[in-house]
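S.K.: Can you read through this structure? Questions will come right after.
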Amino acid sequence: MEIYPEVKLRVRVSENDVHYAGNLVDGAHIMQLFGDVATELTIHYDGDEGLLRAYENVEFLEPVHGGDFLEIFGKIINVGNTSRKILFEAFKIISSSNDKNQESACDILNPPILVAKAIGVSVVTKNKQRKKTNEIESSDDEILDDFNLIKSGEPSRMAQKNLG
């Protein structure tokens, strides 16, 4: 059984990332964060940054605003000769309270809100594959469970474990 890594990235969305009226951040910013997670995953697995080549599916589920804190999860779920299929999930974990009397007030979201999810494919050419690490073991049944959970709108087991 092959063992695949997973990573977590926590960031605060900057006011500089706001793209639309209402302090709204565009989906491209979340895709950039997914790319950062893919890069870290391929470094863990192959010792190389690789190249995020394609997305099979991307869903933006809730708005993200400047000042929000996000937690981005990524996990390699399948490995080919040069391709690494990756599950991505982005959760809003802190947001502004929108209290006009206290503009710096924020709320911790419990439970966190799933704002975006995707399946992507990174490629690491054979000549750049330097190493493989054994971090987290996943069975075919567990991978199928993760697919079914995110298709139903629920967080994956990986996210549930890290958020819980």
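The values are calculated or read from the model by the stated rules, or taken from the named source; none is laboratory data. Predicted model, so just to flag it, every value in this text is computed and none were measured. Positions of Cβ are backbone-derived with ideal geometry, glycine not excepted, and every protein chain shown enters the neighbour counts.
S.K.: Suppose the filter is closer than 20 Å to GLN32 by Cβ, crowded, with 19+ Cβ neighbours inside 10 Å and not basic (Lys, Arg); does PHE60 pass it?
M.R.: Values: closer than 20 Å to GLN32 by Cβ: yes; crowded, with 19+ Cβ neighbours inside 10 Å: no; not basic (Lys, Arg): yes.
So PHE60 does not fit the description; no.
S.K.: Modelled with pLDDT under 95 and among the hydrophobic types (A, V, I, L, M, F, W, C), is that true of ALA38? Before the answer, list the steps.
M.R.: Details: modelled with pLDDT under 95: no; among the hydrophobic types (A, V, I, L, M, F, W, C): yes.
Considered against the rule, which asks whether it is modelled with pLDDT under 95 and among the hydrophobic types (A, V, I, L, M, F, W, C), ALA38 comes out as no.
S.K.: For the subset of region 73-93 comprising residues that are over 17 Å from PRO155 (Cβ atoms) and of a type in the set (A, V, I, L, M, F, W, C), which member is farthest from the chain's Cα centre (by Cα)? Give the steps one after another, and end with the answer.
M.R.: The initial filter retains those residues of region 73-93 that are over 17 Å from PRO155 (Cβ atoms), namely 76, 78-85.
Imposing the further condition that a residue be of a type in the set (A, V, I, L, M, F, W, C) reduces the set to 76, 79.
Details: ILE76: 11, VAL79: 18 Å.
Ranking the candidates gives VAL79 first.
S.K.: Here is a further query. Given the options ARG53, ARG84, name the one that is surrounded by fewer than 15 Cβ atoms within 10 Å (Cβ to Cβ), of a type in the set (Lys, Arg) and assigned to a strand (DSSP E or B).
M.R.: Working: ARG84 fails: surrounded by fewer than 15 Cβ atoms within 10 Å (Cβ to Cβ).
None of the other options fit; the residue is ARG53.
S.K.: Would you confirm, using the coordinates I've provided, whether ILE113 is surrounded by 12 or more Cβ atoms within 10 Å (Cβ to Cβ) and without any contact (Cβ under 8 Å) to a residue 60 or more places away in the chain? Reasoning before the result, please.
M.R.: Details: surrounded by 12 or more Cβ atoms within 10 Å (Cβ to Cβ): yes; without any contact (Cβ under 8 Å) to a residue 60 or more places away in the chain: yes.
When the stated conditions are applied, ILE113 passes them.
S.K.: Here's a follow-up. Looking only at region 7-26, count every residue that is surrounded by 15 or more Cβ atoms within 10 Å (Cβ to Cβ) and more than 17 Å from ASN78 (Cα to Cα) and tell me the total. Please lay out each step first, then the result.
M.R.: Step one: of region 7-26, the residues surrounded by 15 or more Cβ atoms within 10 Å (Cβ to Cβ) are 7-9, 11, 13, 17-18, 23, 25.
Next, from what is left, pick out any that are more than 17 Å from ASN78 (Cα to Cα): 8-9, 11, 13, 17-18, 23, 25.
Final tally of qualifying residues: 8.
S.K.: Separate question: When the residues of region 22-41 are narrowed to those that are of a type in the set (S, T, N, Q) and within 13 Å of the chain's Cα centre (by Cα), which ends up farthest from HIS65 (Cα to Cα)?
M.R.: Step one: list which residues in region 22-41 are of a type in the set (S, T, N, Q), which gives 23, 32, 39.
Okay, now just the ones that are also within 13 Å of the chain's Cα centre (by Cα), so 32, 39.
On the way: GLN32: 16, THR39: 25 Å.
Result: THR39.
S.K.: From the list ILE76, ILE108, which one is more than 18 Å from GLN129 (Cα to Cα), modelled with pLDDT of 95 or more and touching a strand residue (DSSP E or B) at 6+ places or on another chain (Cβ under 6 Å)?
M.R.: Numbers: ILE76 fails: more than 18 Å from GLN129 (Cα to Cα).
Every option except ILE108 fails the conditions.
S.K.: Could you tell me which residue of region 12-50 is nearest to ASP107 (Cα to Cα), considering only residues that are part of a strand (DSSP E or B) and touching a residue at least 24 places away in the same chain (Cβ under 8 Å)?
M.R.: Keep residues of region 12-50 that are part of a strand (DSSP E or B), which gives 12, 18-20, 24-25.
Filter once more, keeping what is touching a residue at least 24 places away in the same chain (Cβ under 8 Å): 12, 18, 24-25.
Details: ARG12: 13, VAL18: 19, LEU24: 18, VAL25: 18 Å.
Per the criteria, the residue is ARG12.
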